Amino acid sequence: MDLRKLKTLIDLVSESNISELEITEADGKVRIVKSEPAAPAAPSTGGQQPSYAAAMTGNAAATAPPPMPAAPPVETGHLIKSPMVGTFYRASSPGGKPLVEVGSVVNEGDPIGIIEAMKIMNEIEADKAGTISSILCQNGQAVEFGQPLFTIE
């Protein structure tokens, strides 16, 4: 793979929401991983650019392996996760009152949110009794399977 093509692929990853790209061709394989820049020790005046690691195999020389992802912050309490991919809503109707707020006391089985998937509204129920300590998604936000939605203490 020539350097112009590699530069184009790096620019594509840089300008998009893609965090990783892997391409296999007859003459080798290229994997580009976008990583977040490390926090500076002292304030700087210039903007920071994300760093990239490209690993090439085949006929091309290999470079440094991709960096390890940062550990996510440790959450306390019980997480309620999305059971499906869809759009998360806090209220049962547009402009309606949210089903729960931070500080709301819920019982097991109480509706706490809604996920719209394939034009079907699916109620999300508390799987544990307690107090809502945080709401981790915005109203109308797209969510993935297993994505944390609420924390219950």
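For every residue, the table says whether it meets (1) touching a strand residue (DSSP E or B) at 6+ places or on another chain (Cβ under 9 Å); (2) surrounded by 11 or more Cβ atoms within 10 Å (Cβ to Cβ); (3) at pLDDT below 50.
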position: Asn17; (1), (2), (3): no, no, no
position: Glu20; (1), (2), (3): yes, yes, no
position: Ala26; (1), (2), (3): yes, no, no
position: Arg31; (1), (2), (3): yes, yes, no
position: Pro40; (1), (2), (3): no, no, no
position: Gly46; (1), (2), (3): no, no, no
position: Pro50; (1), (2), (3): yes, yes, no
| So, in region 123-153, of the ones that are of a type in the set (S, T, N, Q) and surrounded by fewer than 15 Cβ atoms within 10 Å (Cβ to Cβ), which residue ends up nearest to Ser92 (Cα to Cα)? | Asn139
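The values are calculated or read from the model by the stated rules, or taken from the named source; none is laboratory data. Keep in mind that what you see is a predicted model, and the values were worked out from it rather than measured. Note that we place each Cβ from the backbone using ideal geometry, even for glycine, and neighbour counts take in every protein chain shown.
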